[in-house]
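Peer 1: Supplied in structure tokens, the structure appears directly below.
The values are calculated or read from the model by the stated rules, or taken from the named source; none is laboratory data. If you're wondering where the values come from, they're calculated on a predicted model, not measured in any experiment. Here the Cβ is made from the backbone with ideal geometry for all residues, glycine too, and neighbour counts use every protein chain on show.
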Amino acid sequence: MTNSPFTLSPVGIWTEALDFVPASQAVELAAELEELGYGAIWLPEIAGRDPFVHLALLLSGTRTIVGATGIANIWARDAVAMVEASKTLTEAFPERTLIGLGVSHRHLVEDLRGHAFTRPVEHMRRYLEAMDASPFTAQRPTTPLRRVLGALRPAMLRLAAAMTDGAHPYFMPVEHTAFAREIIGPDRLLCPEQAVLIESDPGEARRVARGHMSVYLPLPNYRKALLHMGYQEEDVDGGGSDRLVDALVAWGTVDQIAERVRAQLDHGATHVAIQALSDQRRAVPIDQWRALAPALREVSSTRSSSGSVGEPNH
């Protein structure tokens, strides 16, 4: 096993859109994202393509981009199966694999998968311990298995710092990045998702943003985290106040969006995974990815190899 650090460039893409095109087209889009200068592709997991299989396809068609899960649901695989998938991908693509793990949400765990959603922090701790103890009898990776936790509140953030390479917050404002950095310390990866939309008309931008937010605001973990960050019930209710919309979704010109990404980095992010929004859920936002790329490359160029960690602490 090598001792070279894992580096993650400052800006990547978080998207479910690659699920909505044929696999061959998804590989072509991943190659274009790499050429555009994005450093990582983050794939979610609900009930679409298996993210590990999907990442294997995308990484096979690219040269340098990192493939990340945002997040792989720990209720979808036992710890041995998670190690099998993670180490297989890491062995095939050394230092190009980052596994984001998460407890997901009660309705996706209980209603969709038939598990009991109880004591998520303790369940995650036991799961990580089981991963650490799991056998792996295939060809071993030459580089460490890198993993981060989908973490929002202090207990899960502390667990991320203690047992993984860092955290991957989702659907949180910039001030949460500073909050998370203080908890996880200076040496862990902090990779927030940031929703973005190239749209300068406030009414239209907030309309599209609220369509996106309507999926998440009813979920207890996001609601509690936002209230913990100082937002009020009236901010969270009714589709979200303008204040909350503007905090969660970076809308406006390309330069304004680049400034939000820069703010995330200034507040402690090591990598920002942008999620380009559209009022067509299954649309591939390639035009936004292309339009944003030059400005975001400039943001990246002003940073050193920001996402850098050495040997993991697990």
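Peer 1: Restricting the range 100-115 to residues that are assigned to a loop (DSSP other than H, G, I, E, B) and not aliphatic (A, V, I, L, M), which is surrounded by the most Cβ atoms within 10 Å (Cβ to Cβ)? I'd like the intermediate steps shown before the answer.
Peer 2: Taking the range 100-115 first, the residues assigned to a loop (DSSP other than H, G, I, E, B) are 103-105, 113-115.
Narrowing the set further to residues that are not aliphatic (A, V, I, L, M) leaves 104-105, 113-115.
Numbers: S104: 25, H105: 20, R113: 14, G114: 8, H115: 17.
Applying the filter and picking the extreme gives S104.
Peer 1: From the residues in the range 252-283 that are of a type in the set (A, V, I, L, M) and more than 18 Å from A205 (Cα to Cα), which one is surrounded by the fewest Cβ atoms within 10 Å (Cβ to Cβ)?
Peer 2: Taking the range 252-283 and keeping what is of a type in the set (A, V, I, L, M), we get 254, 257-258, 261, 263, 265, 269, 272-274, 276-277, 283.
Imposing the further condition that a residue be more than 18 Å from A205 (Cα to Cα) reduces the set to 263, 265, 269, 272-273.
Working: A263: 18, L265: 22, A269: 27, V272: 30, A273: 26.
Among them, the one singled out is A263.
Peer 1: Here is a follow-up. Of the conditions (1) modelled with pLDDT of 95 or more; (2) closer than 20 Å to Y216 by Cβ, L98 fails just one. Which one is it?
Peer 2: (2)
Peer 1: Could you list, in sequence order, all residues of the range 135-155 that are within 22 Å of R119 (Cα to Cα) and within 15 Å of the chain's Cα centre (by Cα)?
Peer 2: First pass over the range 135-155, keeping only residues within 22 Å of R119 (Cα to Cα): 147-155.
Residues satisfying the conditions are R147, V148, L149, G150, A151, L152.
Peer 1: Checking the conditions here, which among L159, L152 is in contact with a Lys or Arg (Cβ under 7 Å, 6 or more places away or on another chain) and farther than 21 Å from W289 by Cβ? If you could, list the steps in order and put the result at the bottom.
Peer 2: Numbers: L152 fails: in contact with a Lys or Arg (Cβ under 7 Å, 6 or more places away or on another chain).
The unique qualifying residue is L159.
Peer 1: Can you tell me which residue among R119, R146, R206 is among the basic types (K, R) and surrounded by fewer than 17 Cβ atoms within 10 Å (Cβ to Cβ)? Break it down into steps so the answer makes sense when it comes.
Peer 2: Values: R146 fails: surrounded by fewer than 17 Cβ atoms within 10 Å (Cβ to Cβ); R206 fails: surrounded by fewer than 17 Cβ atoms within 10 Å (Cβ to Cβ).
R119 is the lone residue from the list that is among the basic types (K, R) and surrounded by fewer than 17 Cβ atoms within 10 Å (Cβ to Cβ).
Peer 1: How many residues does the range 218-246 hold that are surrounded by fewer than 20 Cβ atoms within 10 Å (Cβ to Cβ) and of a type in the set (A, V, I, L, M)?
Peer 2: So the count comes out to 4.
Peer 1: Got a number for residues in the range 40-55 being out of contact with any helix residue (DSSP H, G or I) (no Cβ under 6 Å at 6 or more places or on another chain), at pLDDT 95 or above and of a type in the set (G, A, S)?
Peer 2: 1
Peer 1: State which residue is nearest to S104 (Cα to Cα) when the search covers only the range 116-150 and only residues that are of a type in the set (D, E, K, R) and part of a loop (DSSP other than H, G, I, E, B). Before you say what the answer is, go through the steps one by one.
Peer 2: Of all residues in the range 116-150, those of a type in the set (D, E, K, R) come to 119, 122, 125-126, 129, 132, 140, 146-147.
When the remaining residues are screened for being part of a loop (DSSP other than H, G, I, E, B), the result is 119, 140, 146.
Details: R119: 12, R140: 29, R146: 19 Å.
Across the range 116-150, the extreme among qualifying residues is R119.
Peer 1: Kindly indicate the residue of the range 75-99 that is aliphatic (A, V, I, L, M) and surrounded by 19 or more Cβ atoms within 10 Å (Cβ to Cβ) and also nearest to L57 (Cα to Cα) among those meeting that condition.
Peer 2: To start, the set of residues in the range 75-99 that are aliphatic (A, V, I, L, M) comprises 76, 79-83, 85, 89, 92, 98-99.
Going one step further and asking which of them are surrounded by 19 or more Cβ atoms within 10 Å (Cβ to Cβ), we end up with 76, 82-83, 85, 89, 98-99.
Values: A76: 20, M82: 18, V83: 19, A85: 13, L89: 10, L98: 15, I99: 16 Å.
Step by step, filter the range 75-99, then rank; the result is L89.
Peer 1: Let me ask something additional. Being crowded, with 21+ Cβ neighbours inside 10 Å and either more than 16 Å from the chain's Cα centre (by Cα) or under 25 Å from A295 (Cβ atoms) (or both) is the filter here; which residues of the range 45-67 pass it? Let's see the steps before the verdict.
Peer 2: First, pick out the residues of the range 45-67 that are crowded, with 21+ Cβ neighbours inside 10 Å: 45, 51-52, 54-55, 58-59, 65-67.
Matches in the range 45-67: L58, L59, I65, V66, G67.
Peer 1: Select from the range 216-236 the residues that are under 26 Å from S200 (Cα atoms) and either at pLDDT below 95 or of a type in the set (S, T, Y) (or both) and list them in ascending order. Before the answer, list the steps.
Peer 2: Step one: list which residues in the range 216-236 are under 26 Å from S200 (Cα atoms), which gives 216-217, 226, 231, 234-236.
Residues satisfying the conditions are Y216, Y231.
Peer 1: Follow-up. Please go through the range 81-103 and give me each residue that is touching a Gly at 6+ places or on another chain (Cβ under 8 Å) and either of a type in the set (A, V, I, L, M) or within 19 Å of P169 (Cβ to Cβ) (or both), ordered by number.
Peer 2: Initial filter on the range 81-103 (touching a Gly at 6+ places or on another chain (Cβ under 8 Å)): 89, 93, 96-98, 100-103.
Those that are touching a Gly at 6+ places or on another chain (Cβ under 8 Å) and either of a type in the set (A, V, I, L, M) or within 19 Å of P169 (Cβ to Cβ) (or both): L89, L98, G100, L101, G102, V103.
Peer 1: Follow-up question, since we're still on this one. List pairs: first residue in the range 111-134 and within 14 Å of A76 (Cβ to Cβ), second residue exposed (fewer than 11 other Cβ atoms within 10 Å of the Cβ) and not aromatic (F, W, Y) anywhere in the structure, Cβ distance under 8 angstrom, at least six positions apart or on different chains.
Peer 2: Partner pairs satisfying both residue conditions: L112/A47.
Peer 1: Next question. Tell me, please, whether a residue that is surrounded by fewer than 19 Cβ atoms within 10 Å (Cβ to Cβ), under 17 Å from the mean Cα position of the chain (by Cα), of a type in the set (A, V, I, L, M, F, W, C) and assigned to a helix (DSSP H, G or I) can be found in the range 175-184.
Peer 2: Yes: the range 175-184 contains one or more residues that are surrounded by fewer than 19 Cβ atoms within 10 Å (Cβ to Cβ), under 17 Å from the mean Cα position of the chain (by Cα), of a type in the set (A, V, I, L, M, F, W, C) and assigned to a helix (DSSP H, G or I).
Peer 1: Determine whether the range 11-27 contains at least one residue that is in contact (Cβ under 8 Å) with a residue 40 or more places away in the chain and touching a Ser or Thr at 6+ places or on another chain (Cβ under 7 Å).
Peer 2: Filtering the range 11-27 down to residues in contact (Cβ under 8 Å) with a residue 40 or more places away in the chain leaves 11-15, 17-18, 20-21.
Keeping just the survivors that are touching a Ser or Thr at 6+ places or on another chain (Cβ under 7 Å) gives 11.
Yes.
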